[in-house]
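I have placed the structure first, in the form of structure tokens, so that the comments after it can refer back to it.
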Amino acid sequence: MNDAVQTTIIDEGKIQETLFRTRSLSDDSGHIKEVLAKALELKGLSAEETALLMNVSDPTLERAISDTAKRIKEQIYGKRLVLFAPLYISNLCQNECLYCAFRAKNKAVKRRSLDQEEIAREVVTLVNQGHKRLLVVVGEAYPKEGFSYVTRSIETVYSVKTDKGEIRRVNVNVAPLTLDEFRMLKATGIGTYQLFQETYHRETYQRVHLSGKKRDYDWRISATDRAMTAGIDDVGVGVLFGLYDWRFEILAILQHVAHLEKTFGVGPHTISVPRLEPATGSEMSEHPPFPVSDEDFRKIIAILRISVPYTGIILSTRESPETRRESFALGVSQISAGSRTNPGGYSEDDRDPDSSQFSLGDHRTLDEVIRDVASLGYIPSFCTGCYRLGRTGQDFMDLAKPGDIKYHCDPNALSTFTEYLLDYASEETRQAGEALIEKTLAQMDDKQREISLGLVQQVRAGKRDVFC
Ligand code: SAM
Ligand code: SF4
């Protein structure tokens, strides 16, 4: 496969035509109910069916959409919620993305790329908080050594061991790479390669990306193809909501998903749903061109859950605690917690707005988030089992689709949650967590309980990093 590909992944004409054709059909409650009944078969929905749901405005039908999303979420993901933290290693950038504080011309940001020692210090802080999964984030410009800065940094993250633990899975959010660079990235042992197209709408894309390599829409949208060709079979996609009409973006995500499924036999592992937040030195971030209301944001999550049931949905600390709480039931399966978006922000205990990427909506610590999540009945999970056992890409989907994943994910969630409670939690969180574990075990089927209890007891007896 060539590095430079002219892509036809997105057919804008078809999206606009589908949106136009379905606009007046969404009042047909009989049809909407048929679509929702079909969604419960867990096979996903077509673009046409998804568009019908997006246009619904009747409150009763809106509730039916939420209820369907909740049932699907519960059936596939149960009560688990995976936790991670982003690790910003550098805010150097040569691009001019109008919405981002790290854009090259923004003089208000203090530029910094962490050296390996500083990265190790950040990792020690995160490990000692209880994190097991990190998302390494970097602007699109590297210090003198070039791209190997990123691979070396990932090696550093994996090399850190404290008496409290270690990071077991590193995902990355790094600008599009060449095929050879993706091979180097794969060799470091990353989990998911994440990249957001920001907007799939080409004209908007050109308007908001003024200069730098990121201006090339095709180079960006073809990056997940290159990653998969290089053997990274867990890729994550996403849209920065607020740049263009969210309805268009959802249908475009579906086209991207269909393209990956057709070309590589497996769709994306995750979809991220960042919403544009205020960023220092960015006028656009203060006044998003297509603001997404809280109500529409909930709809976006519910509809994605219904249309792409087996793909994880990631929500970051850009959102407020209230929005995050509501989103768990609707379909979100992974959340970040205790995040900093400025390089050095964890170990230097610094929320320096002058070097942060955007402002956060949730400032709580990991322990506070975990206590809250548990109080809502969700099991915080730090599981890395699938990835460690090679259950990625197609292998993961083969296990997930018939529902067998619950014999792995639920036990692994409980064992990693037990680790957290014993090694890191405050007393209040530990008590709430232990009660939740007992309640969850009691509600499981016999097979699930036997496997889960086996793992939990091993952790209680002092073993760590046990999974199935
Ligand atoms: N520099 C790389 C890139 O652009 O792909 C990767 C990291 S970038 C720091 C991560 C993501 O942050 C971007 O893909 C974008 O969606 C998001 N982002 C940028 N500015 C934002 C803002 N003001 N509010 C919310 N998210 C933002
Ligand atoms: Fe740079 Fe990424 Fe921010 Fe764009 S979004 S300015 S590429 S860090």
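The values are calculated or read from the model by the stated rules, or taken from the named source; none is laboratory data. Given the structure is predicted, the values throughout are model-derived calculations rather than measurements. Cβ placement follows ideal geometry from the backbone for every residue including glycine, while neighbour counts extend to all protein chains displayed. Note: areas computed on protein heavy atoms with side chains; ligands, DNA, RNA excluded. Shrake-Rupley method; radii C 1.70, N 1.55, O 1.52, S 1.80 Å.
Numerical summary
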read-out	value
For ILE72: the one exception among (1) more than 16 Å from ligand 1 (Cβ to nearest atom); (2) not in a helix (DSSP H, G or I)	(2)
Conditions (1) of a type in the set (Gly, Ala, Ser); (2) away from ligand 1 (no atom under 16 Å from the Cβ); (3) buried (at least 17 other Cβ atoms within 10 Å of the Cβ); number of the one not met by GLY189	(3)
One residue from ILE370, ILE405 being in contact with a Ser or Thr (Cβ under 7 Å, 6 or more places away or on another chain) and among the β-branched types (Val, Ile, Thr)	ILE370
Unmet requirement for LEU25, which otherwise passes all of (1) exposed (fewer than 14 other Cβ atoms within 10 Å of the Cβ); (2) aliphatic (A, V, I, L, M); (3) in contact with a Ser or Thr (Cβ under 6 Å, 6 or more places away or on another chain)	(3)
Filter result for GLU17 (at pLDDT 90 or above and farther than 25 Å from TYR310 by Cα)	yes
Boolean, ASP163 is open to solvent by 20 Å² or more (accessible area, probe 1.4 Å), over 29 Å from ILE253 (Cβ atoms) and more than 17 Å from the chain's Cα centre (by Cα)	yes
Qualifying residue in the stretch 141-163 (condition: touching a strand residue (DSSP E or B) at 6+ places or on another chain (Cβ under 6 Å) and not in a helix (DSSP H, G or I))	yes
Any hit, the stretch 115-131, residues being open to solvent by less than 40 Å² (accessible area, probe 1.4 Å), within 16 Å of ligand 2 (Cβ to nearest atom) and out of contact with any helix residue (DSSP H, G or I) (no Cβ under 6 Å at 6 or more places or on another chain)	no
Number of the condition not met by ALA141 [criteria: (1) within 29 Å of GLU368 (Cα to Cα); (2) small (Gly, Ala, Ser); (3) within 14 Å of ligand 1 (Cβ to nearest atom)]	(1)
ASP218 being under 21 Å from ALA175 (Cα atoms) and surrounded by fewer than 23 Cβ atoms within 10 Å (Cβ to Cβ)	yes
Subset of the stretch 75-95 that is open to solvent by 10 Å² or more (accessible area, probe 1.4 Å) and more than 18 Å from the chain's Cα centre (by Cα) - its residue that is farthest from ligand 1 (Cβ to nearest atom)	GLN75
